[in-house]
1. Kindly report the accessible area of the protein assembly as shown per residue (heavy atoms of protein chains, probe 1.4 Å, no ligands, DNA or RNA), in Å².
2. Simple spin-label model, 7 Å along Cα-to-Cβ: residue B:28 to residue B:349 in nm?
3. Restricting things to alpha carbons, tell me how big chain C is in terms of Rg and Dmax, in Å.
4. Just grab the label-to-label distance for residue B:333 and residue B:202, each label 7 Å out from Cα along the Cβ direction, in nm (one decimal).
5. Can you send over the solvent-accessible area of residue B:359, 1.4 Å probe, protein chains only, in Å² to the nearest 10?
6. Quick one: order C:40, B:190, C:186, C:233 from most to least accessible surface, probe 1.4 Å.
7. With the calculation restricted to Cα positions, what are the radius of gyration and Dmax of the stretch C:177-239 in angstrom?
8. Could you work out how far the C-alpha centroid of the stretch B:90-128 sits from that of the stretch A:45-70, in angstrom?
Amino acid sequence: MFQRLDTAATPTRHVQVWLDGEPHRVAETLTVAAAVLQLRGWQGYRRHVDGTPRAPLCMMGVCQECLITIDGCANRQGCLEPVAEGMRIERQGGDIHDG
Amino acid sequence: MMAESRNADIAIVGAGPAGMAAAVTLADAGYRPTVFDMNAAPGGQIYRQLHAPQASDAVMGKDYRRGRELLDAFLQADIDHRPGSRVWWADNDASGTALGVLARGQTQRWQARQLILAGGAMERGWPFRGWQLPGVMNAGAAQILLKQGALVPSIPPVLAGSGPLLYLLAWQYLRAARPPALILDVAPARRYGEVLHQVHRAWLGRDYLLKGARLIGALKRAGVPIRQGITALEAEGDTAVERVRYRHKGRWHTQPSELLLTHFGVTPEPQLARSLGLEHVWHAGQQCFVPRRDATLAAGTNLWIAGDGGGIGGALNAEREGRLVALSLLENEQRTTAEQRREGQALLAARRRDLEARCLLERLFRLPESWLDDQSAETLVCRCESVSRGELDLAITQGGAGPNQLKAFTRCGMGPCQGRQCGESVTRLLAQRLGGTPDAVGYYHIRPPVHSITLGELAAREASRA
Amino acid sequence: MKQRDFLIVGGGVVGMAVAYGLARAGQGVTVLDESDDALRASRGNAGLVWVQGKGVGMPRYAELSLESAKAWADFAGELTERTGIELEYEQRGGVDLCLDAEEARSRQADYAELQNASRYMAANFRWEYLDREALTSCLPGLGETIPGGTWSPHDGQCNPLYLLRALYAASRALGVETRPATPVERLEATAGGFRATTPQGQFTAERVILAAGLGARQLASGLGLTAAVRPVRGQVLVTERRPPGGRLPTPQIRQTASGGYLIGDTHEDAGLDKGVTLAMMQSLAEKAVRIYPDLEAARLVRSWGALRVMTPDGHPLYETSTTHPGAYNLNCHSGITLAAFHAEGLAEAIRDDRLEQSFPHFSGARLHVSAS
Ligand SMILES: Cc1cc2nc3c(=O)[nH]c(=O)nc-3n(C[C@H](O)[C@@H](O)[C@H](O)COP(=O)(O)OP(=O)(O)OC[C@H]3O[C@@H](n4cnc5c(N)ncnc54)[C@H](O)[C@@H]3O)c2cc1C
Ligand SMILES: Cc1cc2nc3c(=O)[nH]c(=O)nc-3n(C[C@H](O)[C@H](O)[C@H](O)COP(=O)(O)OP(=O)(O)OC[C@H]3O[C@@H](n4cnc5c(N)ncnc54)[C@H](O)[C@@H]3O)c2cc1C
Ligand code: FES
């Protein structure tokens, strides 16, 4: 749903992250939520406690709609955590009970 | 028991234009302020990622580039900059302010003699039916993706709402050769004419008006359809947005789209100031609460607020307020030179003019106060706890006579966003239903943590220092 | 307008339970309350319907708590029926943890004494000390360093905020007039009853009930009632929602129906400051992780401080004025547990003006004796 412009201004290092077990390379300037939006869009991003699907709204730490599992810790705020080499990201679209 | 405190003579929360300008001014005067920001790099909202821009200048426009000088000054000055630090707790007394800071998974306790809050603004939570669906995103959030990684939508989005940021983003997408499918503006076309009639203000605000006219002109020339004066908005779809519905000139229209980017203006990010118990007043023009500050930007003893966190003035004003607050603080310590005092006076005058001019924007982008009332009863007001307008109405008739009673009765505002998204909607609704002013209705009690922290992180004091 | 039967000063859980009880018994009631941001224990408590530990040193209080706990299911059921509001009440038993061996010893001694204190208690009060091993079946995942705790089948939990809401909804449906933002500045006797003066005007009724929590300190003595309460702060942390843990509630920590863990049980003398302190929050977090180590990764979503309404001996105060007949004062620090009793037995005794006769142990006399 989001793609990187091929005319990006600054040469940027890419890092490898694992999203739901698959390796991907993303710009190191991204946060986890941004990387997931680039790689997968919002389909299956996360499920709310009421069972409805949700996805990041604010990208700046306000709305808490970006909760995601990072390196095994559930409910991290994806929009505040920069991606890092080797990071393991799991979407919480399934049965994870989140806040 | 207590983890030992670290000391900061002057602490600044936020490294946006306001926080950076304050820090640079203080560093010039021989202080070494401590600046906390939860982001990995300085810049704040407007200048996010400016140290290594991702999208080109041609796409971003020159307002973005403009921050470079300030950013460089900030990066070069002797400042204790602490990126990746979330200030989640604050408590203020006569001796200063204690801060709880989460950095690298640990809770640090800081004691600051002087505190400058420069936490900036957030996009206003403005409920409409379907706004919780994936595929609805804040326009500012989409702009963050653009700044962070030159990410643009792969399908033409619908942009809806009100405010300069909406047109700025549309223009940036246009420059990136990804024009939006449709722009839905809440402001009716006749507002532009009304605003121009306020001749004095229009003159003061000519820069804003020209900038706006340039953006809109470019979009129109490129053939982007713009509907001004929409009176209702809805997002529809099963598991994500499929259609956008809107009412224009009394009739409903449907636009198929999987991406709806909305923006309903910005409001001060209230949590830290609220949790410190600072007094807030309703700003009728900005349609939100703002913390009470005096002319020196003091909000309490040894406590100051600069930038959009104190009321919306925009990036240039935030930078100006950053300098002003630093000068006020120096004046307070009797450390200003005659030249600095003159500079302070000039900044104050410029600020007055600018805020006067901004009244135009407020007028132009004014949101209908009756919006929530016009929503269908199932529209969610509180996204975190899924509380609808209808449920709030029921609880009001049962005796939920204030924001905190209503929160207790319905869980509205009890979720992890701590009411940032619903707080002012609830104040508005109560004011309408019970007939009072927003000031009389009040707001939620805000308690720490104002940013998320796990029990483990809270319990983990800095071991080596305890 | 026809003079009301009762004015109740205070729209907390005590005032509203009594208002509900009186209205159900056909009385005309007006409740006057302060504004939205006033001090309110009723919005800051832990929601335990709890018998353990109540009435040590005053068996009649223990009996009352037990009776109220037994009546709670019906009380909750009726409120739900009237309002559609679920109170999330459950009574599956509860555990009061002992964090060290000394606490375990003194707790057992206290309970043994309590059980022998009256016939009723001997026949009805059931409890058992369970060591860590035995506790792990009702508190799965209990931390290694917790030695044990006392278990009792009488204990339970509810959502105290929904209780308050249901009391409001039911009372209003029964014709109770509730007036928020109407703080009583003065209370005085008139020829035919009592008059309350507020910034919103004057209100009169034949009888007046003070259920003002800590507000009793300003209003009680004018009507010959006892102004004895003092604030005792408790700080509470709440985590994000977690999967159901199948763990019985404890006063130290319990999982609420919506999934969050509520962590509390501090007792501080902090005057009227209902704030939270970093030191106390950290020690609560440490304790929570000590009790359930899996909570280390749980995010904290809310915290607050609230002020207990504490009488000098910690037991409820239900008194009738001797100088101003028709004026009553109600104070207690377990208003959730006692809500069923307040709506039933207490409201009836007040309606019939036989509070002193029915509940002599709880009158103000005991406090005056000990004070002199
Ligand atoms: C998403 C968004 C996009 C925007 N884009 C533009 C734009 O393109 N052009 C424009 O003119 N205006 C824009 N604005 C308006 C914006 O408010 C600017 O006017 C300007 O950034 C305000 O500067 P500031 O210094 O007051 O705050 P900000 O720039 O918002 O900086 C505040 C900083 O404080 C940090 N912070 C806040 N609270 C804490 C805490 N508790 N702990 C640690 N750090 C904290 C934040 O992370 C942030 O970096 C935008 C606003 C938003 C919300
Ligand atoms: C941290 C904590 C945990 C607790 N946990 C439990 C528990 O698990 N189980 C349990 O049973 N109990 C518990 N309690 C105790 C319980 O909350 C109280 O006993 C109960 O809420 C008292 O209710 P109240 O109506 O007397 O007082 P309040 O809730 O304080 O209400 C008094 C009301 O009177 C109003 N008022 C005061 N002065 C005036 C005036 N002049 N005019 C008009 N109105 C006035 C106030 O605004 C307020 O609304 C706990 C308390 C605390 C603080
Ligand atoms: S997207 Fe809103 S908090 Fe992360």
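The values are calculated or read from the model by the stated rules, or taken from the named source; none is laboratory data. These figures come from a predicted structure and were not determined experimentally. Note that we place each Cβ from the backbone using ideal geometry, even for glycine, and neighbour counts take in every protein chain shown. All accessible areas refer to the heavy atoms of the entire protein, side chains included, with ligands and DNA or RNA removed. Shrake-Rupley method; radii C 1.70, N 1.55, O 1.52, S 1.80 Å.
1. On the way: 33870 Å² over 937 residues.
For the protein assembly as shown, the solvent-accessible area averages 36 Å² per residue.
2. 1.8 nm
3. When restricted to Cα atoms, chain C yields Rg and Dmax of 20.6, 66 Å.
4. Output for this residue pair reads 4.7 nm.
5. Surface accessible to solvent at residue B:359 totals approximately 40 Å².
6. Result, largest first: B:190, C:186, C:40, C:233.
7. For the stretch C:177-239, the Cα radius of gyration and maximum Cα-Cα distance read 14.6, 54 Å.
8. What the calculation gives is 23 Å, centre to centre.
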